[in-house]
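The values are calculated or read from the model by the stated rules, or taken from the named source; none is laboratory data. Being a predicted model, the structure only gives us computed values, none of them experimental. Heads up, the Cβs are rebuilt from the backbone with ideal geometry, glycines too, and the neighbour counts pull from every protein chain shown. Ligands, DNA and RNA are stripped out before the accessible areas are found, and what is left, the full protein with its side chains, is counted by its heavy atoms. Shrake-Rupley method; radii C 1.70, N 1.55, O 1.52, S 1.80 Å.
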Amino acid sequence: MVSFKFPIDDSAEGLVTQIRDAVPSPDGKRIAFTALNRLYVMDLPNGSPKRLTKNDFTEAMPTWSPDGKEIAFTTWSRTGDGHIYKVNASGSGNAVRLTQESGIYSDPAWSYSSNRIVFTKGTTQTYKDAIGPRASNAQEDLAWIPSSGGKLTLIDKSKGRNTPHFTKINDR
């Protein structure tokens with residue numbers, strides 16, 4: 001017989017005890033994060049979390065625009081479609097899809113000049129094929145898009161490189 005020695009609460013609300021992908025705003029006054037696969041922002045140090053979207057798919061890996069007004073993030077749906085979106089960091093307005101082709105997008109990073117977002121991308125099939133020790137091979141491309149959205153520009157094959165980022169020296 002299976003016997004649990006702790007109560008199970010069936011209330012409509014629950015306490016989230018784990019957040020993912022937490023990233024502070026450029027001014028350090030807020031934090032964006034994912035909880036239960038949804039995107040939130042919160043004032044630091046003791047604010048209340050505020051959901052930024054009304055989407056019904058996974059939202060992850062937020063990155064702040066350099067001015068702290070927008071947040072870009074990756075998505076994943078049950079149908080296997082993934083994209084990069086952006087949303088106003090205040091929560092006003094709707095999220096805007098930036099990418100035109102679906103895939104597995106990871107590690108978006110906003111340039112300091114605010115004009116582009118760099119990321120790694122793989123196809124849905126490559127991701128499904130990369131389970132286990134080959135999981136790092138799921139991200140095939142290193143690419144960027146304009147921060148306003150549009151056509152993907154391939155930089156290079158990722159060749160195992162990950163976590164793209166920008167530095168304040170604007171020469172690469």
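Peptides 155-165, 110-120 ranked from most to least packed, by the mean per-residue count of other Cβ atoms within 10 Å: 110-120, 155-165. Taking a sphere under 14 Å around the Cβ of ASP141 and counting the other residues whose Cβ falls inside, with K and R at +1 and D and E at -1, yields a net charge of +1.
Carbon and sulfur together cover what percent of the accessible area of the chain at a 1.4 Å probe radius?
Values: 5600 of 10940 Å².
Carbon plus sulfur share of accessible area: 51 percent.
Of the residues SER92, ILE155, LEU15, the one whose Cα sits farthest towards the positive end of the charge dipole of the chain is ILE155 (charges of +1 on Lys and Arg Cβ, -1 on Asp and Glu Cβ, taken about the Cα centre). Oblate is the label for region 62-128, because a/c, from the alpha-carbon gyration tensor with a ≥ b ≥ c as root eigenvalues, is 1.5 or above and a/b does not exceed b/c.
The dipole here belongs to the chain: it is taken about the Cα centre, uses +1 on the Cβ of Lys and Arg and -1 on the Cβ of Asp and Glu, and is about 260 debye. P(r) tail, the chain: Cα-Cα pairs separated by more than 29 Å, 25% of all pairs. Separation of the alpha carbons by more than 29 angstrom is noted, of LYS54/LYS168; LYS54/LYS151; LYS50/LYS151; LYS54/LYS121, for LYS54/LYS168; LYS50/LYS151. Normalised per residue, the accessible area of the chain is 64 Å², obtained with a 1.4 Å probe and no contribution from ligands, DNA or RNA.
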